[in-house]
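Notes to accompany the following structure.
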Amino acid sequence: MEGPPLAARIRAEVAGEVRELGALGLVTLQVGEDPASTIYLSRKHEAAQEAGIVSEDRKLPEDISEEELLELISALNAADAVDGILVQLPLPPQLDEARVIRAIDPLKDVDGLHPFNAGQLYLGRPTLVPATPLGIMALLADHRVPLEGAEAVVIGRSDIVGKPIAHLLLQSNATVTICHSRTDDLARHTLEADVLVVAVGSPEVVTPDMVKQGSAVVDVGINRTEGGIVGDVAPDAADVAAFITPVPGGVGPMTIAMLLRNTVKAARYRRGLLAFPRG
Ligand code: NDP
């Protein structure tokens, strides 16, 4: 399941929607200079600008105070030209990540991490949902991977990937198991998985002997090794699975495409073209 062709289609759709909606604004906030975050952000901005979204990459000093950051978010919440706000995580230790995320207007929360949006997903009435899980669902749908009644196993329970993808799979009527670092006997679960989503951040967490014949495997991991970027799944798992996402070139490009789609959705909410369930 290659990401770039589908991501390109979605980005082209987004460009058309942006032309219809008029000027759209996306602002990202990066605190400090983590090199990996800088690369991810530059790709997001390149794609946003290509789709006609006015995007701004704000770099903030590593030692910014929480109050300063909250004030900036509050100004962006009020700015009419801004449809989407994304705070690149992780944040340095002086900043309370949960508090910072709560400060973002849920209507502009294009990363889908605000408790309001996370809660809507939990309730089965999704609003703005994190981009990576949306990208995974789009890839599975594009390849017509059956989800209804399927055994789906998610490894990882982060707020940005593991938990939201588990909820989206559940809403598609899969039977979902969530595994994590304390799971006893990972292979016992993964071998049952018709759909296996791996979001751990450690190479070869899943080896071919852990994969069910004919299954669909989604490798979210991005790990920098001496041999280059690898995922969480050993590449020869492709010999067992019917579908597998490569790393790089799988989920990564989908994440960017879905961030742009979320920006359009946020713009629609704010312009009253879509009803946002608040108040
Ligand atoms: P987190 O570190 O937040 O979460 C990792 C999860 O993996 C945790 O739930 C942890 O369990 C679990 N885990 C750790 N070790 C094991 C193990 N040995 N066996 C089973 N479970 C384990 O990471 P993220 O969810 O943010 O990201 C995961 C990976 O996906 C990273 O490589 C990240 O770079 C990549 N990523 C890629 C994106 C893309 O667009 N392609 C987007 C976002 C992330 P516990 O909760 O018990 O600690």
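No value in this document is a laboratory result; all are computed from the given coordinates. Quick caveat: nothing in here was measured; it's all calculated off a predicted structure. Using ideal geometry, Cβ is built from the backbone for each residue, glycine included, and neighbour counts are taken over all protein chains shown.
For the chain, the calculated P(r), taken from all Cα-Cα distances in 10 Å bins from zero up to the bin holding the longest distance, is 7, 29, 35, 22, 7, 0 percent. Each listed q (0.16, 0.25 Å⁻¹) maps to a log10 I(q)/I(0) for the range 226-279, found by the Debye formula over equal Cα scatterers with no solvent: -0.65, -0.98. Relative to the dominant Cα principal axis of the chain, helix 251-270 is inclined by about 40°. Placing a pseudo-label 7 Å from each Cα along the Cα-to-Cβ vector at Gln49 and Asp80 gives an inter-label distance of 2.6 nm.
In whole percents, the pair-distance distribution calculated for the range 180-278 from its alpha-carbon pairs, binned every 5 Å from zero, is 3, 13, 19, 18, 13, 10, 9, 8, 6, 2, 0.
Express as a percent, rounded to the nearest 5, the fraction of DSSP beta bridges in the chain (both residues included) that run antiparallel.
Given both bridge residues lie in the chain, the antiparallel proportion sits at roughly 10 percent.
Output the 0 to 90 degree angle, nearest 10, between the alpha-carbon long axis of helix 131-142 and the longest principal axis computed from the alpha carbons of the chain. That helix lies at roughly 50 degrees to the long axis.
Estimate the FRET efficiency between Ala275 and Ser37 by the formula 1/(1 + (r/R0)^6), using the beta-carbon distance for r and 35 Å for R0, to the nearest 0.05.
Approximately 0.55, to the nearest 0.05.
Pairs spanning more than 23 Å between alpha-carbon atoms, out of Lys44/Lys212; Lys44/Lys108; Lys59/Lys163: Lys44/Lys212; Lys59/Lys163.
Label point of Glu20 set 7 angstrom out along Cα-Cβ; within the range 68-85, amide nitrogens under 20 Å from it belong to 83-84.
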